[in-house]
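To start, the structure under review is shown below, and the notes come after it.
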Amino acid sequence: MLKSCKNILIKNINLQLSLGTTINNIPFWADIENDICRGFVAMKATSPYAAEIYVMGVRKEYHRVGIGKALCSELMRHAAEQGYEYLHVKTVA
């Protein structure tokens with residue numbers, strides 16, 4: 001299931017140019033229910049002490065039900081386990 005969610009990310013959300021193949025080499029979590037990828041988040045290390053939320057998305061029909069919060073919580077737990085002290089996110093206007 002995780003592989004199919006990554007394929008959805010790369011193919012349907014059209015992030016091939018910014019992500020390339022690096023999405024296969026970074027920590028990645030997905031919320032999947034009944035074969036539907038409802039949301040995803042990926043983390044990328046930026047230094048020995050910091051990481052970023054590299055990419056994240058939740059399908060519109062699943063907004064406001066806690067999926068993004070649960071995904072971020074898992075990412076933050078993993079980041080802390082790995083010894084990262086800072087977590088950041090870049091935004092694009």
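The values are calculated or read from the model by the stated rules, or taken from the named source; none is laboratory data. Model, not experiment: these values are computed from the prediction. Please note: Cβ atoms are built from the backbone with ideal geometry, for glycine as well, and neighbour counts cover all protein chains shown. The accessibility values were calculated without ligands, DNA or RNA, using every heavy atom of the protein model including side chains. Shrake-Rupley method; radii C 1.70, N 1.55, O 1.52, S 1.80 Å.
Applying the selection to the stretch 52-69, what residues are open to solvent by 60 Å² or more (accessible area, probe 1.4 Å) and more than 16 Å from I26 (Cβ to Cβ)? Those that are open to solvent by 60 Å² or more (accessible area, probe 1.4 Å) and more than 16 Å from I26 (Cβ to Cβ): R59, K60, E61, H63, R64, V65, K69. Quick check: anything in the stretch 38-51 open to solvent by 40 Å² or more (accessible area, probe 1.4 Å) and β-branched (V, I, T)? Looking through the stretch 38-51, at least one residue is open to solvent by 40 Å² or more (accessible area, probe 1.4 Å) and β-branched (V, I, T). Number of residues in the stretch 32-64 that are touching a strand residue (DSSP E or B) at 6+ places or on another chain (Cβ under 7 Å) and polar (S, T, N, Q): the value is 1.
If you filter the stretch 24-37 down to residues that are crowded, with 16+ Cβ neighbours inside 10 Å and not small (G, A, S), you find that the one that is farthest from R77 (Cα to Cα) is C37.
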